[in-house]
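Peer 1: Below is the structure I would like to discuss, written out as structure tokens.
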Amino acid sequence: MPIKAFALNCTLKPSGKPSSTDAMIGLLQKDLAAQGVAVGAPVRVADHDVKPGVTSDEGPGDAWPDLRRQMLEADLLILGTPIWMGQPSSVCKRVLERMDAFLGETDDQGRMVSYGKVALVAVVGNEDGAHHVSAELFQALNDVGFTLAANAVCYWVGEAMQKTDFQDLDRVPDKVVSTSAMAARNAAHLARFLKEKQYPGN
């Protein structure tokens, strides 16, 4: 059964500027493609005028409705964020706030629009915080109806107070390579299962 992935890059940088988050998402996408998952170019949320709020449409000029549509047309979401001050980026937090609307968007059996969708998390930074950031994203994504496979995050953090970014590495560390492959394998497996067997409703 064909599976489609959609990636949101929550870097603070608009397109045209190098992004380590893009590099990490790309690693996961390569491994998902090896599992037969259809992947497209990551969408940089910073390129779009996503209005503040907690509904699915915040009015004229809001770019979220189209991003939401693309996300819900896919079977698997990759949500990527850099670490800033030990936290997910402000762009990522806005995305999660907009997903809050899913809590009230249910079918006649009480299932949120995101039920049956699988989420993967990609995190990069230059100091510690990957576990904290992934924990925040896991809780929020699960809260709004996404399903997390085993080992649903791939991350890299550099040495504190240094300037080397993930995108600057000569080679991706073996542990990151193997973690990405495992996360993609598990997520693709779960997405296929849920596409065939949706969660029961009320």
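The values are calculated or read from the model by the stated rules, or taken from the named source; none is laboratory data. All figures in this text were calculated on a predicted structure; none of them were measured in a lab. Glycine gets a Cβ as well: all are built from the backbone with ideal geometry, and neighbour counts include every protein chain shown. Accessible surface is based on the protein model in full, side chains and every heavy atom, while ligands, DNA and RNA are left aside. Shrake-Rupley method; radii C 1.70, N 1.55, O 1.52, S 1.80 Å.
Peer 1: Inspect all residues belonging to the stretch 25-34 and state whether any of them is at pLDDT 95 or above and in a loop (DSSP other than H, G, I, E, B).
Peer 2: no
Peer 1: Moving on to the next point. Of all residues being in a helix (DSSP H, G or I) and polar (S, T, N, Q) in the stretch 91-144, which is most open to solvent (accessible area, probe 1.4 Å)? Just the residue, please.
Peer 2: Applying the filter and picking the extreme gives GLN139.
Peer 1: In addition: Kindly list the number of the only condition in (1) over 25 Å from GLU127 (Cα atoms); (2) open to solvent by less than 10 Å² (accessible area, probe 1.4 Å); (3) touching a residue at least 60 places away in the same chain (Cβ under 8 Å) that fails for THR81.
Peer 2: Failed condition: (1).
Peer 1: Turning to a different aspect of this structure: Whether any residue in the stretch 145-159 is assigned to a helix (DSSP H, G or I) and either open to solvent by 40 Å² or more (accessible area, probe 1.4 Å) or within 22 Å of LYS197 (Cβ to Cβ) (or both) is what I want to check.
Peer 2: The answer is no, given that none of the residues of the stretch 145-159 is assigned to a helix (DSSP H, G or I) and either open to solvent by 40 Å² or more (accessible area, probe 1.4 Å) or within 22 Å of LYS197 (Cβ to Cβ) (or both).
Peer 1: Looking at ARG68, ARG44 in this structure, which one is farther than 21 Å from ASN126 by Cα and not hydrophobic (A, V, I, L, M, F, W, C)?
Peer 2: The unique qualifying residue is ARG68.
Peer 1: Do the conditions hold for MET1, that is, is it more than 29 Å from ARG192 (Cβ to Cβ) and modelled with pLDDT under 95? Full working, then the answer.
Peer 2: Details: more than 29 Å from ARG192 (Cβ to Cβ): no; modelled with pLDDT under 95: yes.
Here the answer is no, as MET1 does not meet what is asked.
Peer 1: Just wondering, is there one or more residues in the stretch 54-63 that are open to solvent by less than 40 Å² (accessible area, probe 1.4 Å) and under 17 Å from LYS4 (Cα atoms)?
Peer 2: no
Peer 1: Name the single residue that is surrounded by the most Cβ atoms within 10 Å (Cβ to Cβ) among those in the stretch 160-177 being under 22 Å from LYS17 (Cα atoms) and not hydrophobic (A, V, I, L, M, F, W, C). Reasoning before the result, please.
Peer 2: If we filter the stretch 160-177 for residues that are under 22 Å from LYS17 (Cα atoms), which is where we start, we get 161-172.
Within this subset, residues satisfying the condition of being not hydrophobic (A, V, I, L, M, F, W, C) are 162-165, 167-168, 170-171.
Working: GLN162: 9, LYS163: 8, THR164: 11, ASP165: 18, GLN167: 14, ASP168: 11, ASP170: 4, ARG171: 7.
Selected residue: ASP165.
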